[in-house]
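In what follows, a single structure is set out as structure tokens and then discussed.
The values are calculated or read from the model by the stated rules, or taken from the named source; none is laboratory data. Just so it is clear, the structure is predicted and the values come from calculations on it, not from any experiment. With ideal geometry, Cβ positions are generated from the backbone for all residues, glycine too; neighbour counts draw on all protein chains shown.
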Amino acid sequence: MLLIGNGRLVTRDASDPFMENGAVVCDGALIKEVGDFYELKEKYPDAEFVDAKGGVIMPAFINAHEHIYSAMARGLSINGYDPKGFLDILDGMWWTIDRNLDNELTRLSAMATYIDCIKNGCTTIFDHHASFGEISGSLFAIEDAARELSVRTCLCYEISDRDGKEKARASVKENVDFINHVKENEKSGDDMVKAMMGMHASFTISDETMELCMKEKPSDVGCHIHVAEGIYDLHQCLKEHGKRIVDRLYDWGVLGEKTLLAHCIYINPHEMELIKDTDTMVVHNPESNMGNACGCPPTMELCKRGILTGLGTDGYTHDMTESYKVANVLHKHHLCDPNAAWTEVPEMLFEGNAWIAGRYFKTPIGKLKEGYAADVIITDYIPLTPMNASNINSHVLFGMNGRSVVTTICAGKILMKDRELKVADEEKVLSEVREGAGKLAARING
């Protein structure tokens, strides 16, 4: 049993959102009780005490769209890479990397990503993977890393025709094999690893492959797919299929409450209606959209229409507070409205992501509340100005970043304490990652 206390407590529970000196009691993987620090310390004298030292205690973050395969891209220079647009970025950088990943490099990429997530207070990660250098077993390699580091994750493999029909079929099989594997684990009560059917994007998936995908996909899982991230995706769909992207996905039965659409930059009101009517989920990745010069999605309109929208990083960062900050300024700038995004973005991060997670994980996530997952972080942030239930989000937005996190707990297990990783030898793992990154760079550049 853990007692996490002696700090300002942010619960994300509307009935009691903030306590000046609160505590959380974790019994196994779940939260047993939340309340006043001194009262709970007296009530549970034998619990292991985790001292917040006056910092802020919060629910751990959830990332609704990650790319583990991008972990070894930092500082990577690819000969001849000089992108003129988004397609050049995809083929010249990301597809070049994933074509050179084998399962060992995929596992190391997962270790690096998950460690960074832990250090930034994120314990639930929806990943969208691609490694066309070695497809079979790649999701299992990522699962190994997730279980070693004790994080909660939902995985899928990126189905695409871009490297031919054989690899497209192998991608479908990897998804189905992993989905069935997860279902077997669920029979014994496992709730830490989940699976979706991964798709790259409409413009790299033929009707033949789409048919195979939907034929093989179990009915109780959804798809995780990039939608209208670049304008070419829309133009190609109109030219090749005579319809817009969301219409095509609707016609194939892709949409639904278990399906997650990443980006949705070039969609129109009609497509928004389809997304809303099918209760399909959307995830916004602001920093990636800006960095790739793809454009600004109509995210504020999606929120206004009541579409379940979450926040992700697209592998650009593993710091959810960074995505929060960028989304906040992006939509203010884009709409020329200083009042834009004040409520929508924190709702996406703190509520939308939890609802998205709730469609896959049985254990409720995202609040410090009895019966919820014991996913807790402590930050070293001590406010200089008054902090209360009405201004929590402003303190997070302007006062914190990912590396404010000093302690990370997932399912009642301490993953990092006082910035020391507890679930792996960080120095050893990162040394192996550096060696792997060197091999990858050598493969790419000959």
Where in segment 357-440 are the strands (runs of 3 or more DSSP E), entirely inside, with at least 2 residues that are within 24 Å of the chain's Cα centre (by Cα) and under 18 Å from ARG12 (Cα atoms)? 376-379, 405-410
Residues that are out of contact with any Cys (no Cβ under 9 Å at 6 or more places or on another chain) and farther than 16 Å from ARG147 by Cα, drawn from segment 185-209: LYS187, HIS200, ALA201, THR204, SER206, ASP207, GLU208, THR209
Yes or no: segment 294-304 includes at least one residue that is in contact with a Leu (Cβ under 8 Å, 6 or more places away or on another chain), closer than 24 Å to LEU212 by Cβ and not in a helix (DSSP H, G or I). no
Tabulated pairs, segment 174-189, first within 24 Å of ALA411 (Cβ to Cβ), second in a helix (DSSP H, G or I), C-beta under 7 angstrom, 6+ apart or interchain: PHE178/LEU139; PHE178/PHE140
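Each row is one residue, and each column tells you yes or no for (1) more than 22 Å from ASP116 (Cβ to Cβ); (2) surrounded by 15 or more Cβ atoms within 10 Å (Cβ to Cβ); (3) not aliphatic (A, V, I, L, M).
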position	(1), (2), (3)
LYS325	no, yes, yes
ASP337	yes, no, yes
GLU344	yes, yes, yes
LEU397	no, yes, no
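Any idea which of SER171, SER131 is in contact with a helix residue (DSSP H, G or I) (Cβ under 8 Å, 6 or more places away or on another chain), more than 30 Å from LYS367 (Cα to Cα), assigned by TED's automatic domain parsing to the domain that holds ASP91 and buried (at least 21 other Cβ atoms within 10 Å of the Cβ)? Before the answer, list the steps.
Working: SER171 fails: in contact with a helix residue (DSSP H, G or I) (Cβ under 8 Å, 6 or more places away or on another chain).
Exactly one of SER171, SER131 is in contact with a helix residue (DSSP H, G or I) (Cβ under 8 Å, 6 or more places away or on another chain), more than 30 Å from LYS367 (Cα to Cα), assigned by TED's automatic domain parsing to the domain that holds ASP91 and buried (at least 21 other Cβ atoms within 10 Å of the Cβ), namely SER131.
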Can you name every residue in segment 125-172 that is under 21 Å from the mean Cα position of the chain (by Cα), among the hydrophobic types (A, V, I, L, M, F, W, C), under 15 Å from MET197 (Cα atoms) and in a helix (DSSP H, G or I)? LEU139, PHE140
Please work out which residue is surrounded by the fewest Cβ atoms within 10 Å (Cβ to Cβ), limiting yourself to segment 211-258 and to residues that are in contact (Cβ under 8 Å) with a residue 40 or more places away in the chain and β-branched (Val, Ile, Thr). ILE231
Show the residue pairs meeting these rules: Cβ distance below 7 Å; 6+ apart or different chains; first residue within segment 38-54 and within 24 Å of ARG419 (Cα to Cα) and part of a strand (DSSP E or B); second residue polar (S, T, N, Q) and at pLDDT 95 or above. VAL50/THR407; ASP51/ASN6
Residue identified as assigned to a helix (DSSP H, G or I) and crowded, with 24+ Cβ neighbours inside 10 Å among ILE4, ILE97, ILE57, ILE31: ILE97
Can you spot a residue in segment 145-165 that is within 26 Å of ILE444 (Cα to Cα), among the β-branched types (Val, Ile, Thr) and without any contact (Cβ under 8 Å) to a residue 40 or more places away in the chain? no
Of (1) closer than 28 Å to THR153 by Cβ; (2) part of a loop (DSSP other than H, G, I, E, B), SER70 satisfies all except one. Which? (2)
Please go through segment 39-54 and give me each residue that is more than 17 Å from ILE414 (Cα to Cα) and either small (Gly, Ala, Ser) or crowded, with 20+ Cβ neighbours inside 10 Å (or both), ordered by number. LEU40, GLY54
